[in-house]
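Novice: Just passing along the structure, written as structure tokens.
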Amino acid sequence: MTAPEQPQAGVTSREPPPVERFRPADLDERDWSRLRATCPVSRVDTPEGGEVWLVSRYADIRAVLASRQFSVSPIDPDRGTGTAEANESIFQDPPEHTRLRGLVAGPFAVGYVGRYQDTIRAGADLLLDRIREVDGPVDVMEDFSKPLTMNVISEVVGVPEPDRALFQRLSDQLLVPLSEAQGVVALEGWRQLNDYVRDLIAQRRRDPQGRDRPDLLAHMIRAQEEDGIVDDVELATMVLGLPVAGYVSTANAIAVAMRYLLEFGWLARLRGEQEAGLRKQFVEEVLRIQSGDNGESMPRFAAENVRIGGVLISKGDTVVAPLVAANRDADIFSDPEVFDPHRPNLGRHVAFGFGIHRCLGANLARLELRIAVDALVECGMDFVMLEAWKAVPWKVNMLGDRFPERMPVRALPAANGGE
């Protein structure tokens, strides 16, 4: 079998980055309870001056995310569906989505990601050991959650360990705030990341053992060589896009977990609690409630006239179905603003989205969060927050993820050794 030619110098994933998320104006300040009671499907302004439909009920949000009557691409009036703009990412409508997601679904299945459990725990323990040695403040984001999640996704994808600091720097350069997303910083970061991924693919193809490794890159190269179901541009886009999409959101979830461990006393409660399964319930409640502190589902576009919540949405209209609204619907989650790992219906949260575009990395993200919480509970340290959570400045990056600029804490020996 003749191996495909190496990617040429000009072959990269599309630029600027595909499918930028957006949020309606003051989305975080919406009174979801009032909206659900008075106008559950409403017209709202966007920061750019346009209008979109905003859906606020749990059932309606799931209906939008699951329905094939909604496209993930703006409707092209000349073609009647889809978009004329190129898109090689996994975030497309079927059949392209079916083909690409089917290619990478296996390496993110729950049984497969479990093999990384020991590696994730070792990485978390190492970072906490380093924090233990610091005589002064540390930043949970920079010193724990971001390096942990970047190292994990790099391991899964196949980024060599010496390159991971560079990979994180370029990802951070790309994931700038929305106001800068089409600016020089983001575009240059995208080009540099493209160059790196292109070179990594070429290097792995030259490596006789490279195709036999258990990582995602080897899996995709084998699929390309054996079945020809992915081209070079799609391969580069997916290798680049999957880490970028999963790295910051999982790091944010760890930061949110840390907030509840410290500010609400859950660190001590989990250390002293003998209730079976409470840590897992804690993680699921973090996932439910952190959707307000993270990215939203991508907007959808009506591919035909369709009714949602009794409201007629016209073909071509944009619909925003926020995960934060679904996860705070009091008809599903009683007292939704209260953090309560014992709540009923916890398993119904949609922190990872819903339908065929549900987050591909959900199993990996959940595993990372569970292990991070275990490591923090068992590390033998207490932590003092040095800045109120609500006082920390937050930004919104080009994927719609809201992230704290910092989370300063001080580490202290735990009372009773953390038992």
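Read-outs throughout are calculated quantities, based only on the coordinates presented, and are distinct from any laboratory measurement. Not measured: the values here are computed from a predicted model. Positions of Cβ are backbone-derived with ideal geometry, glycine not excepted, and every protein chain shown enters the neighbour counts.
Novice: For a quick check: with amide H placed at 1.01 Å from N, whose amide H comes under 5 Å from MET407's, ignoring anything fewer than 5 positions away on the same chain?
Specialist: VAL140, MET141, GLU142
Novice: Shifting gears a bit: At what distance in nm do the modelled label points of ARG206 and LYS390 sit from each other, each positioned 7 Å from its Cα along Cα→Cβ?
Specialist: The two pseudo-label positions are separated by 5.7 nm.
Novice: At ASP340 and ASP118, where each label point lies 7 Å from the Cα along Cα→Cβ, what is the point-to-point distance in nanometres?
Specialist: 4.1 nm
Novice: Separate question: Using a cut-off of 12 Å between beta-carbons, work out the net charge of the residues near SER42 (Lys and Arg +1, Asp and Glu -1, SER42 not included).
Specialist: Local charge sum for SER42: +1.
Novice: Among GLU188, GLU368, rank each residue by its count of other Cβ atoms within 10 Å, from fewest to most, as a rough exposure measure.
Specialist: The most exposed by this proxy come first: GLU188, GLU368.
Novice: Give, in nm to one decimal, the length gained when the segment between LYS315 and GLU51 is fully stretched (0.36 nm per residue of separation minus the Cα-Cα distance).
Specialist: Taking 0.36 nm per residue and subtracting the Cα distance, the gain is 93.6 nm.
Novice: Report Rg/Rh for segment 262-419, rounded to two decimals, where Rg is the Cα radius of gyration and Rh the Kirkwood radius.
Specialist: 1.03
Novice: Find out how many positive minus negative residues lie around PRO413, taking Lys and Arg as positive, Asp and Glu as negative, among other residues whose Cβ is under 10 Å from that of PRO413.
Specialist: Result for the local shell: 0.
Novice: At a Förster radius of 25 Å, what calculated FRET efficiency corresponds to the Cβ-Cβ distance of ASP195 and ARG222, to the nearest 0.05?
Specialist: The formula returns an efficiency of 0.60 here.
Novice: Round to the nearest 0.05 the FRET efficiency obtained for GLN274 and ARG358 when R0 = 56 Å and r is the Cβ-Cβ distance.
Specialist: 0.95
Novice: Let me know the whole percent of all Cα-Cα pairs from segment 116-181 that are separated by more than 17 Å.
Specialist: Here the tail beyond 17 Å accounts for 48 percent of pairs.
Novice: Now for a different question. Between beta-carbons, use under 14 Å as the cut-off and find the net charge around GLY310, counting Lys and Arg +1, Asp and Glu -1.
Specialist: +2
Novice: If you average the C-alpha positions of segment 120-149 and of segment 350-407 separately, how far apart do those two centres end up, in angstrom?
Specialist: Result: 14 Å between the Cα centres.
Novice: State the percent of C-alpha pairs, over all pairs in segment 240-329, separated by a distance greater than 18 angstrom.
Specialist: Value for segment 240-329 (Cα pairs over 18 Å): 60 percent.
Novice: Also, I was wondering about something else. Loop only by DSSP, 12 or fewer other Cβ within 10 Å of the Cβ. Give me the GluC sites (Glu not before Pro) in segment 211-297 that pass, ordered by residue number.
Specialist: Here the GluC sites (Glu not before Pro) that fit, given the DSSP loop and packing criteria, are GLU275.
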